[in-house]
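A quick write-up on the structure given underneath.
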Amino acid sequence: MGHLARPLTPPSMSRFSATILGLLVVAGLTGLTVWEAAPRLETDLASRVERELESSSLRGVHVVTEGRDVVLTGPATAREQYLASEVLSSVPGVRAFRNDLEVSGRGAEATDAPSGSDSLSTSDASAADSSSASRIGAPARDPDWASRGQDQLEVSGSDDADVLAAAAELRDVLSTGAITFASGTAELAPGSRGLLDAVADVLTRYPAILVQVQGHTDSEGTSRSNRRLSQHRADAVAAYLIEAGVPDPALRARGYGEAAPITSDETFEGRARNRRVVFVLGTR
């Protein structure tokens, strides 16, 4: 009796199995390489972030990296908190960051309220002595931030008493810092929420006024993407204020993109000033 013949394995099946096995080996080696390199990449990114912070005179900031994401912690003045966000947004390799620096007024000095726009008189500005910033424990104003308060507030040709009173208080509040976002997004930086709480505290006491929340960007990127981003940021600020108790009908949100700069975009400082949220006060 003859032997039973064993079925032959087609050559194509053998080659297919070998290819799959080879791909699995390559994938495994690649994953192992990435896993081994991750800590080195995180350490390198943290070092670059720390160098950039130190070059901007921001010392004592604790930097934590997870992949290409960065978290900052530690005490800071309002100006240092804002500057740290600006520095991080320019560091190559940072995918996203969270600025958890706690504003403590460190190194800040209280100053008189900055002078306002042509629409406000000196007597109007003096009303800031009893503003919500001092009542709710907002951080002390940093002298270098006086101009930032003016960059973030406008009065739309009104001589209404409530509008002028609210403007005087808001100017004082906004001189403590700026509203910032995670780089390239409409996600409010943690430090901006306290500032917006102070803004809401003022606006809820003047329910008859109308507030246009304007979003502005620098000229980096395309005009279309900048306008879209600025609108999303204005919407995010308005939504936060509504959640904090400001009446919905009192707010209008509009993004202008790069169309309304207040200074040249040729310098780092200029671009930082042009990226802003502005509150324009008027009557309904």
statement: So the carbon and sulfur contribution to the accessible area of the stretch 200-260, 1.4 Å probe, in percent, is 50 percent
message: Let's test the formula: R0 of 35 Å, r as the Cβ-Cβ distance of Ala208 and Thr185. What FRET efficiency results, to the nearest 0.05?
response: 0.55
- request: Might you tell me the accessible area per residue for the stretch 175-284, computed with a 1.4 Å probe and given in Å²?
  value: 44 Å²
query: Which value, in Å³ per residue, describes the convex hull spanned by the Cα atoms of the stretch 162-268?
result: 106 Å³
- request: Calculate, in nm to one decimal, what Ala239 and Ser47 gain on full extension: separation in residues at 0.36 nm each, minus their alpha carbon distance.
  value: 65.5 nm
message: If you average the alpha carbon positions of the stretch 200-261 and of the stretch 40-90, how far apart do those two centres end up, in angstrom?
response: 27 Å
query: Sorted by mean Cβ packing within 10 Å, highest first, what order do the peptides 172-183, 192-203 take?
result: 172-183, 192-203
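The values are calculated or read from the model by the stated rules, or taken from the named source; none is laboratory data. The model shown is predicted, which means the values in this text are computed figures rather than measured ones. As a convention, Cβ positions derive from the backbone with ideal geometry for all residues, glycine included, and neighbour counts pool all protein chains shown. The area values use the complete protein model at the heavy-atom level, side chains included, leaving out ligands, DNA and RNA. Shrake-Rupley method; radii C 1.70, N 1.55, O 1.52, S 1.80 Å.
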